[in-house]
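Report on the following structure.
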Amino acid sequence: MPMRIEDYALIGDGRSAALVSRHGSIDWLCWPAFDADTCFAALLGDDRHGVWRLTPCEQIQHASRRYIEEGLILETTLVTARGKLILTDWMDWTAVVPVLARQARCEGGTVEVECALSVRFDYGRAVPWLRRMGERTHFVAGAHTLWFDGASEASDEGNDVRFRFMMQPGERRAFSLACCGSCEPAPAVPDLGPALEHTLAFWKSWTLQCKAGGLYREAIQRSLVVLKALSDRDTGAIVAAPTSSLPEAFGGERNWDYRFCWLRDASFTLLALVNGGYRDEAANWRDWVVRAIGGDPAQLQIMYALDGSRHVDEWECDWLPGYERATPVRFGNGAVSQRQLDIYGEVLNALYQCRRAGLAPDEDAWRLERGLIEHLGHVWEKPDKGIWEIRDQPRQLTLSKVMVWVAIDRALRSAREHGHDAPEKAWQRFASQVRDEVMKRGFNAKLGSFTQTYDGEELDASLLLIPLTGFLPANDPHVMGTVRAIERQLLENGLLKRYRTANDGIDDEEGAFLACSFWLAHVRHLQGRESEARELFEHLLTLCNDVGLLSEEYDTKAKRQCGNFPQAF
């Protein structure tokens, strides 16, 4: 059965990512891409839905793990009564075809090890043909095929591979799984020694570019490594999370597929990478955005598949029982068809920051931005579903209108600071009109706070973005009152809820949304509340798991991570 969400670690190669449990079980992998079919889906069910387990046969008395150096090569130490097994797991960043590699090493005593490999395509349902071809094992079903190497003694049990072997001190065994098209010739057997060295060298070279310093450098660099792992190396898209349907409420129905590129999430990720010193990723994402949106700004979607395609239709997978029985299990995401006006501000802010970081000018990007502002002039007054993608009626959301202002403001800055042709006076009038309306209808004088909707009374933690985007200074009285109200009403056990969920169209409650708490720490810092900001920030760092990863939310009652994992946002 799956472990707690925080008991998993991430490995990846910029094409896809796998989750490895604390005890050596790979319970999640979509191959050959983040948004492709699964071959291991035990995370949302059990071993019958696809798993690769490499672990001692004896009871594990102690487990610990770490990433080797600063990349995504995972080392897990498993101690039994008779010996110690060290597993090294990685995905080869330099391989022509995707390769998942595992190395077992015995240190002290003797260890009997079990290797159990069950491949299930079609989201845990399709059982593949299994063929032994010399010392290789071949799994095939449909479009893709997997090649398993390193186990000459492997025995087939039906359509799975299971075997045991004894290890003596100093002994090593290495195994690999490669993915390619079912009509393609067999890939070469991976040479895992050089593959490990090349992957180590890749991560060392990449992390050396990091500009982060100071007290929190280690945490920041770990976050940047994860964000790099969630960036598609071929297209430039950035996945929101590598998983689907990990519940925001245990046993509930807030289970969504995050294996796509949200323009919002990717924009925030891009800013983190730019600030960390990674301009190539920024350029790749900018080019992806221009390709994905295309020539008509009116056809902008809030998310896309990683190759830029537009169809990510949502469906329910009734044969997977769900993580801890949270159903329905969903793949695809119905929010793709929503109007979310905040997207425009996030995208134009990201493109502005790309220019500030010194990226080479791109006329296609500027044409797109001008078109987006023109389109906003026709749609900005309409209600929308907003940053939280409410599955209820669209509303006049205050933060959405703030982000409309951000879009216009950043386009104006780009024009003025970088010499782009633009109707600046018309845009300035547009920005003033939006700001005046937000101040008039988005602020409730009786509460002394901005509210979730125009002329409303409900609060929303996303309003913390008002000072973070520059709409108003952090010490403006309107912002000060909003922060106090949010702290008063949405803080639970030291962490922020997004909003009160009673009116968002879904009955379940949810955990604390971790990004909101980071925003609060940032705003406190801007307001000069330094000790409170540092206290909250350092508390959030304690919620990371043992290898520095965070999910989307945190259940303050169960004291567990919840939601998709790890979460780029």
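How far, in nm, would the chain grow between ARG310 and HIS539 when pulled straight, counting 0.36 nm per residue and subtracting the alpha carbon separation?
78.5 nm
Can you bin the range 205-318 into rounded, prolate or oblate? Criterion: square roots of the alpha carbon gyration tensor eigenvalues sorted a ≥ b ≥ c, rounded for a/c under 1.5, prolate for a/b above b/c, oblate for the rest.
oblate
Charges only on Cβ, +1 for Lys and Arg, -1 for Asp and Glu: so what's the dipole of the range 187-327 about the Cα centre, in debye to the nearest 20?
Approximately 700 debye in magnitude.
Give, in nm to one decimal, the length gained when the segment between HIS525 and SER205 is fully stretched (0.36 nm per residue of separation minus the Cα-Cα distance).
Numbers: separation 320, 0.36 × 320 = 115.20 nm, distance 3.27 nm.
Fully extending the segment from HIS525 to SER205 adds 111.9 nm.
For the residues VAL379, VAL289, what sequence is obtained by ranking on other C-beta atoms within 10 Å, fewest first? Mind dumping the intermediate values first?
On the way: VAL379 14, VAL289 26.
Starting with the residue having the fewest Cβ neighbours, the order is VAL379, VAL289.
So what is the relative contact order for the range 209-562, in percent, with contacts set as C-alpha pairs under 8 Å and at least six apart?
Dividing the mean separation by the residue count of the range 209-562 yields 13 percent.
What's log10 of I(q)/I(0) for the range 263-305 at q = 0.13 Å⁻¹, Debye sum over Cα points only, no solvent?
Debye curve over Cα of the range 263-305, log10 I(q)/I(0) at q = 0.13 Å⁻¹: -0.29.
If you take the charge dipole of the range 461-527 about its Cα centre, with +1 on Lys and Arg Cβ and -1 on Asp and Glu Cβ, which of PRO473, VAL523, PHE513 is farthest toward its positive end?
The one lying farthest along the dipole's positive direction is PRO473.
Could you tell me what fraction of 2.2 N^0.38 Å the Cα radius of gyration of the range 338-494 comes to, as a two-decimal ratio?
Output field value: 1.07.
Mind putting a number on the dipole of the chain about its Cα centre? Charges go on the C-beta only, +1 for Lys and Arg and -1 for Asp and Glu, and I need it in Debye to the nearest 20.
Its charge dipole is roughly 1000 debye.
Sequence-distant or interchain residues sharing an amide H contact under 5 Å with ARG560, placed H: which?
Placed amide hydrogens put ASP555 under 5 Å from ARG560.
Just the number, please: Stokes-Einstein D of the range 232-386 in µm²/s, Kirkwood Rh from C-alpha pairs, 37 °C, 0.692 mPa s.
Rounded to a whole number, D works out at 199 µm²/s.
When only Cα pairs under 8 Å and 6 or more residues apart are kept, what is the percent relative contact order across the range 439-553?
Taking the mean separation of contacting Cα pairs over the length of the range 439-553, I get 19 percent.
What share of Cα pairs, in percent, lie more than 16 angstrom apart in the range 368-412?
39 percent
Can you check what the net charge comes to around LEU146, using other residues whose Cβ is under 13 Å from the Cβ of LEU146 (Lys, Arg +1; Asp, Glu -1)?
-1
Cα convex hull of the range 339-419: how many Å³ per residue?
Residue-normalised Cα hull volume stands at 85 Å³.
From largest to smallest, what semi-axes in whole angstrom does the chain give when each is the square root of 5 times an eigenvalue of its alpha carbon gyration tensor?
Details: eigenvalues 375, 124, 99 Å².
After scaling each eigenvalue by five and taking roots: 43, 25, 22 Å.
Using θ = phi - 60° and the Karplus form 6.51 cos²θ - 1.76 cosθ + 1.60, what ³J(HN,Hα) does each residue of the range 29-35 get, whole Hz, x for Gly and Pro?
7, 9, 9, x, 9, 3, 9
Please arrange TRP288, TRP427 by how many other C-beta atoms lie within 10 Å of their C-beta, fewest to most.
TRP427, TRP288
Please report the base-10 log of the normalised intensity I(q)/I(0) for the range 523-569, using a Debye sum with one equal scatterer per alpha carbon and no solvent, at each q in 0.18, 0.26, 0.30 (1/Å).
-0.64, -0.93, -1.02
Helix by helix, which DSSP H runs in the chain go 15 Å or more along their axis at the Cα atoms and have an average Kyte-Doolittle hydropathy of 0.5 or more?
Correct list, ordered by number: 263-275, 514-526.
Once you order the gyration tensor axes a ≥ b ≥ c over the Cα atoms, which shape class does the range 58-104 get: rounded for a/c under 1.5, otherwise prolate or oblate by comparing a/b with b/c?
prolate
Answer rounded, prolate or oblate for the range 484-569, using the Cα gyration tensor with square roots of eigenvalues a ≥ b ≥ c: rounded when a/c is under 1.5, else prolate when a/b is larger than b/c, else oblate.
Working: a/c = 2.02, a/b = 1.15, b/c = 1.75.
Judged from the Cα gyration tensor, the range 484-569 comes out oblate (a/c at least 1.5, b/c at or above a/b).
In whole Å, largest first, what are the principal axis extents of the Cα atoms in the range 70-226?
55, 42, 29
At 0.36 nm per residue, minus the direct Cα-Cα distance, what do TRP129 and GLU197 gain on full extension? Give it in nm, one decimal, please.
The TRP129-GLU197 span can extend by a further 21.2 nm.
Based only on other Cβ atoms within 10 Å, what is the fewest-to-most ordering of LEU200, LEU192? The partial results should precede the final answer.
Numbers: LEU200 17, LEU192 21.
Neighbour counts put them in this order, fewest first: LEU200, LEU192.
Every read-out reported here was derived from the displayed coordinates using simple, explicitly stated rules and does not represent laboratory data. Remember, predicted model here, so these are calculated numbers, not experimental data. Backbone-built Cβ (ideal geometry, glycine too); neighbour counts: all protein chains shown.
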